[in-house]
Structures are given as C-alpha cells and as structure tokens.
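Peer 1: Would you mind keeping the following structure in view while I ask a few things?
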Amino acid sequence: MKNNFNLDIPHEISALRRFSALATPKCINLGLGKPFEDMPNSLRTLASQVIKNKNLAMDYSDNAGIVSVRTLLEQRYELPSGSTILTHGAQEALFAALMAILNPGDEVLCPDPGFVAYETMAQVLHAKAKTYLLQRHQNGAFSYCLEQISKKVTKKTKVIILNAPGNPTASVVSKKFVKQLANQFPHITILSDEVYAELSFTQPYIPFAVAAKNIVSINAFSKSHALTGWRLGWLCAADRSLYNRILVAHQYVATCASVPAQHLLGAMLRHPTIFDSLKLQYRQAYLLRRDTFFNAFKTSVPKPEAGFFAFLPIPKTQSSSLGFAKKLLKEKNILVIPGEFFGKQGQRFVRVSYANSIEQLKLAGKKLATYY
Ligand SMILES: Cc1ncc(COP(=O)(O)O)c(C=O)c1O
C-alpha cells in the first residue's frame, strides 16, 4: 500500500508537534503557539447572537466568502474592493495560494529560521522548498536581508515567503523592504504571512498586499483575537488573475470558510469597539508578559517587538537545542521548542512562548536564568 500514497507527504506529524506532546499537566508549557486564553467572553456573546439570528443563512456561502463580510474587512484594512478571500485559517490560505501558483519542480523560498509548514506545503505540491537565511546578529536577533533572499532566486523561483513578525524569530520588516523586494522580482509572488502583525508593539498593521500587485497578504484572527479553533483567516491578492486562480484552489480545498465563523467576523467588524479593543487588550497583555519574562530571565537578548515568541540562544555549555530542551523538561519541568525544528540556523536557539500566565512566566524566567 505504501507506494500508493503521495510520497511527498511526511510520514509523521511535525517534530514540533511531537515534542509539544511531551508536555505534562504540571509542566510550565512555553511551547504553545497559541494565545494564553481561550475565546474571549465578548466574542462568545457575539457568536451566540449570530447563531440565534435566524436571518443569517448558515448554508454554503460564496466561495470567496459572504460579500458583506468581505466588504467590511476590505474597508477596515483599506484593501481594494473584491481582493479578499475568507479562508479556513491562515494555514488554508497559504496552501490555496501555493496550490494556485506552483507546478512540480518550481521553487519556493522560505525563511531559515522559519515556520515549519511552508516547506512541507511546497513539498506536498511537488515543488522544491529552498531556504534563505535571516541575518543573524551578535546579540542573538535575526533580521530579513534583501541580499540573502536575492541570492537564492533562480529562474525556477515562483514564490518568496515572508513572515513578519516571524515565527519563531519575531523579526519584522518595513513596507519599504517588501516593496523593494516585490519590485526587484515582479514575476515572483511574495507570499506575506502576517498572522502576528496585529500583535506588533511598535507598528500599526498595514497589509503588505497594498504595496505591490505581486504581494499576497495572508492573515487570520487566530492570534490577534484568540480565535484559533474558529479557523477564520483571509487573504488579499490585488492582481485579478492571481486572485481568480487562488479562488479556484480555495474552492477545491475548502468550498468556503466556515459560515458561522464568517458571520462572527461580520459581527466583530460591525462592533469596532469590540474588534479594536480586543486587539489592543491582547497587545498590552503580551507586552506585559514579554517584559515579565525578560525581567525574570535577565538576558541581553533584545526583546521581541511583536507577537508572543522569543527566540533565545542556548547556553554556551549546551551542545544542541534539542538536548537543552530535553534537559529543561527533565530538570525544571519547563517545555520550550528546540530551535533546530525551525531550520539550520535555529540549532543553537530555543523558542519560548510567553503566551502564559504572569506567575508561570516569572517562575520560568528565574529557572531558565540558572543555566546562563
Ligand atoms: C507563522 C504562522 N503562519 C500561519 C499559522 C497558521 O495560522 P492559523 O491557525 O490561522 O491557520 C501559524 C500558526 O501557528 C503561524 O505561526
């Protein structure tokens, strides 16, 4: 039977997931890539109103999503009219976009260190994932570098993936940077994964798709509004032919985004006080958590400017990120994610999520500091 399967689909779920499964109920889990709280009460109330409202149809919607909801979204983020598709989380948006663009053998450039799913998605579509290096600085920070990306571009490159603020590095990029990249490679699609951008502590969120026609913005309400399980994402492609291709791919992958989730989004966007105050509230909560952790840990590593991940160099005495992560789990009951899961450049780092309680973060920071 084995040979009948798609050989480019990995045989197992990701190493990250398997390592995360080692968490016990009593451990301090700094491995999770999700918000520190479940769906907020204000959204539960809104969602129950949506479900009870018999005027809202709950059957299939247009493939791109309910027009009135998309219009509200486009107005909210000042996106061209008719340029968005509502998706089953950011994950499906990424997959549909890649599926629409890639032919077997095409190349996709992915950041190292970077989110593990990009390479696998390209591989599943029989394309070739190649990595480009984020620039590594003395103080342990990483940043996007135009030169590093440019030197990996070949005639076969169809897509360059950017993820800023990044998972796991929290690296950010400016609109100028993305525009320059898009202009330098007008025949390549820049897939901009912006799922942490609403949680920036320094910059307002502007989807990069507005900067050039070959940029596709991908986002979701999973992190910014703690709606991971609702699977509510979106993408924006201003180029009409690209948009149409992605829409067809999306139709065959998902038909449409979950309709109750789409109605919830509509209700959120009609209540800007809820939509915006939640975002702000979470941003402040992560800032507080970041500072609590860094104050307890006392490190010279620069603080992340967004999101809820810190990518920390492992102590000099440790030989590998996996070894150090296992040691932390065994000796201190703290779960962090080995940086090597995110690429070659992550070999001497661990990813720490500060999406956790203030008490746990204080304790974890102190315990971690004893190794440095
Ligand atoms: C960088 C990045 N992109 C995309 C996703 C997927 O987001 P969603 O849950 O909305 O599908 C994640 C989730 O962890 C992520 O970290």
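Peer 1: Would you confirm whether or not the range 2-14 contains a residue that is of a type outside the set (S, T, N, Q) and closer than 30 Å to Gly266 by Cβ?
Peer 2: Scanning the range 2-14, I find no residue that is of a type outside the set (S, T, N, Q) and closer than 30 Å to Gly266 by Cβ, so the answer is no.
Peer 1: From (1) over 19 Å from Lys34 (Cβ atoms); (2) open to solvent by less than 10 Å² (accessible area, probe 1.4 Å), pick out the condition that doesn't hold for Pro313.
Peer 2: (2)
Peer 1: Can I ask one more? Going by the conditions given, is Pro260 at pLDDT below 95 and either more than 18 Å from Gly365 (Cβ to Cβ) or open to solvent by 30 Å² or more (accessible area, probe 1.4 Å) (or both)?
Peer 2: Answer is no for this residue.
Peer 1: Under 6 Å by Cβ, and 6 or more places apart or on different chains, what pairs join a residue from the range 136-155 that is in contact (Cβ under 8 Å) with a residue 60 or more places away in the chain with one that is in a loop (DSSP other than H, G, I, E, B)?
Peer 2: Asn139/Pro302; Gly140/Val301; Ala141/Pro302; Phe142/Leu134; Phe142/Thr169; Phe142/Ser171
Matching residues to (1) among the β-branched types (Val, Ile, Thr); (2) out of contact with any Pro (no Cβ under 9 Å at 6 or more places or on another chain); (3) under 22 Å from Ser353 (Cα atoms); (4) within 14 Å of the ligand (Cβ to nearest atom):
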site: Thr120; (1), (2), (3), (4): yes, no, no, yes
site: Gln123; (1), (2), (3), (4): no, no, no, no
site: Lys152; (1), (2), (3), (4): no, yes, no, no
site: Lys158; (1), (2), (3), (4): no, yes, no, no
site: Ser171; (1), (2), (3), (4): no, no, yes, yes
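Peer 1: Tell me which residues, restricted to the range 58-73, are within 15 Å of Leu247 (Cβ to Cβ) and either acidic (Asp, Glu) or assigned to a loop (DSSP other than H, G, I, E, B) (or both).
Peer 2: Result: Tyr60, Ser61, Asp62, Asn63, Ala64, Gly65, Ile66.
Peer 1: Considering only the range 131-149, state which residues are more than 19 Å from the chain's Cα centre (by Cα) and open to solvent by 30 Å² or more (accessible area, probe 1.4 Å).
Peer 2: If the condition is that a residue be more than 19 Å from the chain's Cα centre (by Cα) and open to solvent by 30 Å² or more (accessible area, probe 1.4 Å), then Gln135, Arg136, His137, Gln138, Asn139, Leu146, Glu147, Gln148 are the ones that fit.
Peer 1: Among the listed residues Leu94, Leu109, which satisfies the condition of being of a type outside the set (Asp, Glu), away from the ligand (no atom under 15 Å from the Cβ) and closer than 23 Å to Ala197 by Cα?
Peer 2: Step by step, each of Leu94, Leu109 is checked, and only Leu109 is of a type outside the set (Asp, Glu), away from the ligand (no atom under 15 Å from the Cβ) and closer than 23 Å to Ala197 by Cα.
Peer 1: Determine whether the range 329-338 contains at least one residue that is touching a residue at least 40 places away in the same chain (Cβ under 8 Å), surrounded by fewer than 19 Cβ atoms within 10 Å (Cβ to Cβ) and under 25 Å from the mean Cα position of the chain (by Cα).
Peer 2: Looking for residues that are touching a residue at least 40 places away in the same chain (Cβ under 8 Å), surrounded by fewer than 19 Cβ atoms within 10 Å (Cβ to Cβ) and under 25 Å from the mean Cα position of the chain (by Cα), one finds none in the range 329-338, hence no.
Peer 1: Kindly provide the set of residues from the range 104-124 that are open to solvent by 30 Å² or more (accessible area, probe 1.4 Å) and free of Cβ contacts under 8 Å to residues at least 40 places away in the same chain, ordered by number.
Peer 2: Matches in the range 104-124: Pro104, Glu119.
Peer 1: Residues being part of a helix (DSSP H, G or I) and touching a helix residue (DSSP H, G or I) at 6+ places or on another chain (Cβ under 8 Å): count how many of those fall in the range 97-120.
Peer 2: 7
The values are calculated or read from the model by the stated rules, or taken from the named source; none is laboratory data. A quick note: this is a predicted structure, and the numbers were derived from the prediction, not measured. Note: ideal-geometry Cβ built from the backbone for every residue, glycine included; neighbour counts use all protein chains shown. Side chains included, ligands, DNA and RNA excluded: accessible areas come from the protein's heavy atoms. Shrake-Rupley method; radii C 1.70, N 1.55, O 1.52, S 1.80 Å.
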